[in-house]
Each structure stands twice: as C-alpha cells, then as structure tokens.
Amino acid sequence: MPMRTSRAIKPSLIALCALLLLLCFLFGCAQKETDLPASAEAAAEPQSQAAAGIVRGKVTDSNSNMLIAGILVEDESGAVYRATTNAFGGYNLPLLPGSYTLTFCKGAEFDTVVRNVTVESLKTHYQQDVRLTQLYDSYSKGWVAGDTHQHTYYSDGVDSVESAMISNASAGLYWGFLTDHNSSRGVPEWASATQVNVLTGGDGEPRYFQGFDGVEVTTEFGHFNSLGSGLTLEIYDLNLTETERSSAQKLDYIHENIAYIADCIRRIGGIAQINHPYSVTTMGMTNWVERDDYALFDLFDTIEIWNGYFVPCDGIFTTETSVNQNYSAKLLWYELLNQMRHGHSFHGATGGTDNHDTQSAKTGEGRKILGEQIDTLDQYYDYWIYGGQYSGEPTTYVRIDGQPTMEKVMEALKNGHSFISDGPIVLCDIDGAGYGDTLIPSDSQLTIHTDIFNRDGIREIRIVVNGEVVRTVSPTDGATVYTEPILISGDWQPYDWILIEVLGPISQYAITNPIIIGG
C-alpha cells in the first residue's frame, strides 16, 4: 500500500513543479520587461561595467632589466589610484571599459612614462614595454631611501605584507620598518619574505628591499614607534585606569607611562620615536605634556617631523592648525635642538608615510583641486591629500655604507645621518661634515658644498641656522641640478647648528638633519 501511494503521487508532484517553474518564468519575463529602461544604451551600461578588459605588459630599466614600478591609473573623470607591477616588473590590470591614462613611475630618481589606453569589454590589451630611465642614483653615493612608518592589515591597514613591500619597492625604497598598531604579528613575514629586487645597479648587482622590525606603540596619550623591535606592551601600559583618568594627578600618570614606554623600547635595543606629536585627541604626545619638559623628551631618540597624512613642514602656510601639524612638529624639533647647548639630548628628525592604503584611491571630484590656485592652508591640505598618500610620500634617506641592514639604518636615524624628502635629493656637507656630524670651524666663513637634484625643478634653497633662515638661493628657472657652493658667515658657538631646506614645485620639499658646531 505505501508503495502504490507514492507511485501515484510522484507524477502529480512533477507536474506541479513544472507548472510552478513555468509561472515563475512567465512572471520573471514580465517583470524584466517592466523594469527595462527606456534607453538601449542605459540597458547596456550595467553589462559593460561588469565585463572588464585587461591591460597587460611589463616595465624595464634602461638596461632592459625587469623593474618593479608604480602605475597611476586615471580614468576619464580624473579619479585615480596607484597600482604596481608584480615583483618581476609585469602588470595585469583589470579595468572597466573606457579610456585611461597610465603613468608609470618609480620614485623621485626616475623619469615617468605616460600611456593612454582605451579598454574594451572582455578584451586583453597587450602594451609595448615601458622603459623607465634612472636620472639620479643616490644609492651609489651612499644614501639609501626608506620609510619609518607604515601599516598593514595586521592592524588597521588594508594591505597585505607582500603588497606593502612591493609598494615600497615600486617607489624606489630599499628599506622600511613595519609599524602596525600594538601588533608585531606581521613582522616575521615582513622580515623574512622572499627578497624583492628594487632594481639592478649599474654594476649588475641586485639591490634588495629590506624589511625591518617595528611596532607603533599606540596609547591614549600619544603614539610612539619602536624601531628595530617588535615590542608590544600590556593594555594597562597603553591606557589609564578609570581612577587615573579622573584623578587630579592624571598628567603625572601620563608622564610616568610615557617615560616607561620610552625606557622599555630603548632597553631592548630599539629606537624610541615620538610620532606626529601634534596630532589631535589621543594621538599626539604634546597634548599631554608640557612643551618644555625637556627631560621627558630626552628619553626619546627621534621625532617624526613629517607625517604623510599632513602637508609638508615647509612653512609656506604657517597657521598652526591640525592640518599643518608637521610645521608645529618642526618648530618643536628646532627648540629641542637649541636645548643641546643646555645639556639636553640630540634628536634625529624622521619622516614617515604612515601609510594605511598604498593604492590611495581618490575621486575625480576630489582631485579637481589639483589644478586650482592654492592660497590658504586648507587648500594646500586638499592639494596634498588628493594628490595621493603613496609609498615614499615622504621618504627618509640615510647615509650608510653598502647595502642596508637594520642596524646600519637604526644607527643613521639615531645620529641624524639622514634627510627627509618627497622629491628633492639633497646631498650637502660643510668642509666634509655631513648631517648629524660635528664640525669645528676654522674661521667665521663656512662653505656648504652642494649636490642637489630634483627632477621637477628647484625653486628655492634655504640655509637655516639655529632655527632661523639666514640665506636663500633661487636657482635659474627650470634648473634640476644645483652644485654651486653656498657661503655663510657667523660668530659660531658650540652647539650652533645648520641645516638645509629645498623647495620644488608646489608641495615638493626636503629638509636635512643638522650639522652641529663643536667647541
């Protein structure tokens, strides 16, 4: 009986299912016809958007060696993002149908190549090889470019360790500290990943990127880099208790915690760095300590005077606001340098991209500011931010012998054998003394020997003594190289100091660490 019943019901179920499918089909067709737009082009739009094409090719140097490079991808609206080749110089870009401008680049020492391409749906567009020419080679002169401050998805960044490393190499950087917030989980991968060849030197030897240990110690009373160590601290070292937070002695507790953090970093061999000291709310140390608390500042080795999220510390617009916090950080650094004559410590200045997203996609609507006149600090900030927060914006160059190691770079940063730039290369000395060195003058007149290069032109050179601009030089319009000696005179005293600033077009800027007068 059960068997006969099931056989009788089965055909009925099949028929019912078929009827339901037919009704669904008819209803779907009717609904689809009802939803059709009036224009055939509008109907085709979603289909074309979903069906990308491919742009494929490779990048080489002038000797036909494969070259890791960056690619700025700009669509017809002006929206842009930064892509990169792979570790071998090849690229494979999926792009929606339309017209694009591709700008191939590799930092400030290479030329750029622009290609226009029209992408069709489902089509692969093979491109002629792109050849980038190196215009200047600071590495061969003992100056090696890198980054002291960047993040991955091991904290609040969006990049993998591998993509961050490729991005660094694509900008011509040879070393970088990974500084995720209160996490060193990415450090083993960063430090031991397959070596990436930034470029092959003129001697035929590869120059590999080197990933170094680091952590951004992130607290409610400031952010601090631990460079050279994957130090992580307990949560109670990073934040106050509710009792401490509401106490009349709150600032005393903060002082103790900051001192403890600096001590922990230095005791295990790391460099203790103050990051973006004038960032708002909990991120900047100077929100919580007195500017003249020099004993506390002495516990740190370096100070970040140029954070990539804010305009360069060029002083073009000197209003002290949150969008010009790098300028305030530079003035603080000047003050700390002047305290050396009173027995306080030397602090090396650094720059860091603080990069959380190497693609830094920007809309065309936002980027329209790039072509407008800049008259105010807010406009300057818009120009800087919509230009793209890419790897190498800014770069810290260190003076070392041979290929970079973590120990060599740390020593150079700590001793100020470095300069910071988003374009100009500034290799200067005074009678053989370089940045971070001590010079004993033979007389009142000093000669600054210059070797300055900027691919996009040198607008102004400033000589700064003890925090004041004492001389400016304006090279010939269009000059990209400056090698003339610059003479300065003074009644030189022990712990006087001299540094150089170089300005290029608009936001291109460089600042060196000081050369210090000895007694």
Just for the chain, what percent of DSSP beta bridges are antiparallel, to the closest 5? 80
What does the charge count near residue 182 come to, summing +1 for each Lys or Arg and -1 for each Asp or Glu among other residues with Cβ under 11 Å from its Cβ? -4
Let a ≥ b ≥ c be the square roots of the eigenvalues of the Cα gyration tensor of the chain; is it rounded (a/c under 1.5), or, if not, prolate (a/b larger than b/c) or oblate? prolate
Under the helix-only model (-39500 (n - 2.57) for each DSSP H run of 4 or more, divided by the residues of the chain), the mean residue ellipticity at 222 nm, to 500 deg cm²/dmol, is -7500 deg cm²/dmol
Dipole size in debye (nearest 20) for the chain around its Cα centre, Lys and Arg Cβ +1, Asp and Glu Cβ -1? 2240
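Nothing charged except the Cβ atoms of Lys and Arg (+1) and of Asp and Glu (-1): what's the magnitude of the dipole of segment 145-234 about its Cα centre? Round to the nearest 20 debye.
Value, rounded to 20: 180 debye.
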For segment 60-202, shape from the Cα gyration tensor axes a ≥ b ≥ c, cut at a/c of 1.5 then a/b versus b/c, turns out oblate
Anything over 19 Å Cα to Cα? Flag those among 330/362; 58/362; 330/414, in the order listed. 330/362; 58/362
Quick check: residue separation of residue 431 and residue 86 times 0.36 nm, minus the Cα distance between them. What number comes out in nm? 119.8 nm
Under the rule of at least 5 residues apart or a separate chain, name every residue whose amide H is placed under 5 Å from the amide H of residue 497. 466, 517
By the DSSP-based rule, helices of the chain that are at least 18 Å long along the axis (C-alpha) and have a mean Kyte score of at least 0.0 are 2-35
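Note down the net charge around residue 228, summing +1 for each Lys or Arg and -1 for each Asp or Glu among other residues with Cβ under 12 Å from its Cβ.
-1
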Excluding ligands and nucleic acids, what accessible area in Å² is computed for residue 484 using a 1.4 Å probe, to the nearest 10? 100
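The values are calculated or read from the model by the stated rules, or taken from the named source; none is laboratory data. Predicted, not measured: the structure shown is a model, and the values here were computed from it. Reconstructed Cβ throughout: ideal geometry from the backbone, glycine too, with neighbour counts over all protein chains shown. SASA here: full protein model, heavy atoms, side chains in, ligands and nucleic acids out. Shrake-Rupley method; radii C 1.70, N 1.55, O 1.52, S 1.80 Å.
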